Every structure is written in C-alpha cells, then in structure tokens.
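Notes to accompany the following structure.
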Amino acid sequence: MNDAKSTQTTAAQTGPRTEAEHTEHMKAVQADMRAKLDAAREKRGLIIVHTGNGKGKTTAGFGMVARMLAHKRTCAVIQFIKSSNDAVSRLLASPNLHWHHVGDGFTWDTQNREADIAQCRAGWDLAKKYMADPAVSLIDLDEINVVLDLGYLPVDEIVSALREKRADQHIVCTGRNAPAALMELADLVTEMREIKHPFNTGVQAQAGIEF
Ligand code: ATP
Ligand code: MG
C-alpha cells in the first residue's frame, strides 16, 4: 500500500500520464481514499464558514439548505443583510424551511447604525431559538460574518454560543471577513477567492447568477 506521502506526490502530478503512470496513480488514489473512508467514522453537526472576497458564499450555503430539504430535514435561514434572494426562498419553500430576512434596510449604504444593530440582535435571537430546537438540522446564518466584522454583534458572544451548539445540528456562517475566532472554532472553512468578477468590467447583477 502507498503511504500518504507517495500518494500526494503522485496526485500532485498534472498533465497527461502514460498508461503505466495512470494505473499507478489510480491505485494510489484508491488506497488513499480507502484509508480516508476507513478513518472517517464520526458523524456530527458541523460549524461551516464560507468567507473570502470571491463569489459563491451565500449560494453555497443555499445549496446545503437545498440538500438538507431534499433529505426531508428541517432548516432555518436567517439573512442578516438585505439582498434579493426572495426567488430562492420561494423555490425552496417547504414546511421544513423557516426563512427569515432581518436585514431590511441594512445595506452597504446604511445610514442608521442603531437600527441595523437592533435588526442583527433580532436575527441572533431567532438563531438561538432554532439552535435550541432539536428538529432543526441546519441553520444558515447568511452574512453573519459581515455583521461580526462590523461589530454589530459581539464576536465573543456568538462564538461562545456556537461552541455550545447541539451536536446534531449544522450551522453555516457566510460572508466576507469571517473573524479569526470563528474560523478557529469551525470544522469546515472555505475561502472563496476572487480571480475575476464581471462587476469589475461593468456587468450588473443578473437573475439566476446573483439573485
Ligand atoms: P453569492 O450571493 O452570489 O453567492 P457571495 O455571497 O459570495 O455571492 P457577497 O460578498 O455576499 O458574495 O456579495 C453579494 C453580491 O455581491 C452578489 O451579488 C455577488 O455577485 C456580488 N459579488 C460577490 N463577489 C464579488 C466581487 N468579488 N466583486 C463584485 N461583486 C461581487
Ligand atoms: Mg453573500
């Protein structure tokens, strides 16, 4: 059996392979996957963070919600910042989906900090309600990372509560600039990194792509 090092070396090769190299590579991949599948025995709720300056953080969170709903599990989505995802909420609409939008009026050009903070607090109160509900399998806290980055909710309070979360519940936290303490606590952290975005060449937000 190949050790992890040789598997990594083989897997790192890019470009066309000879037949013999391909066979050796596939054997190494198979051994590596079997070892990983064998080692992965635990099943538990995760804290998931989607952050970074590239596109796809919110979309990936909604994707997980859609998967959960497909498994007939109950989900809650709390959108902390105004954004046009009403079409998505209508598509996913189900008795198993609780969808809240607490950020009405909270945008990049907001002029009322106190009102924004009050809305974030209301959103977090809802989150705590769902965190206490064993029927809820996944909670998507959309843009909470931005809320924490702005200081609209205290990082310590939110991270402490997440640390004590139910073992059978997944919590997704999306948004740019996720605080270090949240990423440290999380089980799964993905950074979307911008390589190109059409907005930078004057293309506006379009149906299906952005909302
Ligand atoms: P999406 O909602 O498409 O999954 P996101 O959640 O990763 O994107 P946000 O940071 O929440 O992105 O920004 C929301 C909006 O800004 C989206 O309409 C998105 O297309 C747009 N956007 C995302 N990344 C960029 C970028 N790098 N430059 C300009 N606009 C962006
Ligand atoms: Mg987003």
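Values computed for the structure shown
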read-out: Gap separating the Cα centres of the stretch 183-211 and the stretch 61-101, nearest whole Å; value: 19
read-out: Distant-in-sequence amide H partners of residue 178 (H built 1.01 Å from N, under 5 Å); value: 52
read-out: Amide H partners (placed H, <5 Å) of residue 172, local residues excluded; value: 48, 139, 140, 141
read-out: Accessible area per residue, Å², the chain with all protein chains present, probe 1.4 Å; value: 61
read-out: When the stretch 47-201 is reduced to its Cα atoms, the Kirkwood hydrodynamic radius in Å; value: 15.7
read-out: Sequence of 80, 211 from largest to smallest accessible area, 1.4 Å probe; value: 211, 80
read-out: In Hz, Karplus ³J(HN,Hα) per residue of the stretch 88-95 (6.51, -1.76, 1.60; θ = phi - 60°; x = Gly, Pro); value: 5, 5, 5, 4, 7, 2, 6, x
read-out: Residue among 26, 183, 192 with the largest mean-square fluctuation in a Gaussian network model of the chain, springs linking Cα atoms under 10 Å; value: 26
read-out: Top of 92, 188, 37 by mean-square fluctuation, Gaussian network on the chain, Cα under 10 Å; value: 37
read-out: Accessible carbon and sulfur surface of the stretch 140-204 relative to its total accessible area, %, 1.4 Å; value: 49
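The values are calculated or read from the model by the stated rules, or taken from the named source; none is laboratory data. These numbers were taken from a predicted model, which means no experiment stands behind them. To get the accessible areas, we keep the full protein, side chains included, count just its heavy atoms, and leave off ligands, DNA and RNA. Shrake-Rupley method; radii C 1.70, N 1.55, O 1.52, S 1.80 Å.
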